[in-house]
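Below is one structure, written out as structure tokens; the observations come after it.
The values are calculated or read from the model by the stated rules, or taken from the named source; none is laboratory data. These numbers were taken from a predicted model, which means no experiment stands behind them. With ideal geometry, Cβ positions are generated from the backbone for all residues, glycine too; neighbour counts draw on all protein chains shown. What goes into the accessible areas is simple: the full protein's heavy atoms, side chains included, and nothing from ligands, DNA or RNA. Shrake-Rupley method; radii C 1.70, N 1.55, O 1.52, S 1.80 Å.
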Amino acid sequence: MSSSSTEQTSRPTRLAAAAAVAGIEALGLLAGGVYMLVKALTDGSGDLTGALTGAVTLVALGLIPLAAARGLWLRRSWSRGPAVITQILALPVAWQMLQANSAMIPAGVVLGVLAVTGLVLLVNPATTEALGIRRPGQDSL
């Protein structure tokens with residue numbers, strides 16, 4: 001086994017955790033989209049077009065962190081950008097959930113914790129190094 005094969009198989013824990021966070025967020029979006037789709041198709045009341053649009057939008061948005069999670073897991077440097085953007089976009093959504101006086105508050109807490117955790121993991125030097133991303137001022141080899 002060559003040293004490059006060994007390097008490819010060793011994945012920092014922080015990188016694996018960042019991939020897991022993005023994967024959890026993707027699953028949440030996909031599940032929300034499927035739920036909205038099923039509800040729109042089985043519930044005869046309401047705006048079917050609006051509900052279908054919302055469901056398709058959630059599913060489409062879920063594909064972004066899903067691709068990022070896969071890319072992070074496979075140590076692809078491009079995956080950090082979509083993962084960071086997902087975390088940044090999740091923060092105001094979590095804030096809005098926390099403003100509700102409903103069952104959305106616990107979901108907002110979970111989403112907020114995931115987003116902050118994801119950001120911390122994604123900007124960690126071990127993660128950027130594992131992805132082959134050079135810091136500003138770092139010499140190219």
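Scan LEU72, LEU61, LEU111 and give me the residue that is in contact with a helix residue (DSSP H, G or I) (Cβ under 7 Å, 6 or more places away or on another chain), part of a helix (DSSP H, G or I), in contact (Cβ under 8 Å) with a residue 12 or more places away in the chain and under 26 Å from ARG134 (Cα atoms). Matching residue, one of LEU72, LEU61, LEU111: LEU72. Does GLY71 satisfy the criteria of being in contact with a Phe, Trp or Tyr (Cβ under 7 Å, 6 or more places away or on another chain), surrounded by 15 or more Cβ atoms within 10 Å (Cβ to Cβ) and of a type outside the set (A, V, I, L, M, F, W, C)? Here the answer is yes, as GLY71 does meet what is asked. Within the set GLY46, GLY132, GLY137, the sole residue that is within 25 Å of ARG14 (Cβ to Cβ), without any contact (Cβ under 8 Å) to a residue 12 or more places away in the chain and more than 15 Å from the chain's Cα centre (by Cα) turns out to be GLY137.
Just checking, which of LEU66, LEU89, LEU119 is without any contact (Cβ under 8 Å) to a residue 60 or more places away in the chain and over 19 Å from ALA17 (Cβ atoms)?
Values: LEU66 fails: over 19 Å from ALA17 (Cβ atoms); LEU119 fails: over 19 Å from ALA17 (Cβ atoms).
Going through LEU66, LEU89, LEU119 in turn, just one is without any contact (Cβ under 8 Å) to a residue 60 or more places away in the chain and over 19 Å from ALA17 (Cβ atoms): LEU89.
Of all residues in region 13-58, those that are outside any helix (DSSP H, G or I) and open to solvent by 90 Å² or more (accessible area, probe 1.4 Å) total 1.
The sole residue among GLY108, GLY112, GLY137, GLY118 that is of a type outside the set (Val, Ile, Thr) and loosely packed, with under 13 Cβ neighbours inside 10 Å is GLY137.
Here are some residues: ALA103, ALA126. Which one is out of contact with any helix residue (DSSP H, G or I) (no Cβ under 7 Å at 6 or more places or on another chain) and modelled with pLDDT under 95? Before the answer, list the steps.
Numbers: ALA126 fails: out of contact with any helix residue (DSSP H, G or I) (no Cβ under 7 Å at 6 or more places or on another chain).
Within the list ALA103, ALA126, the selection yields ALA103.
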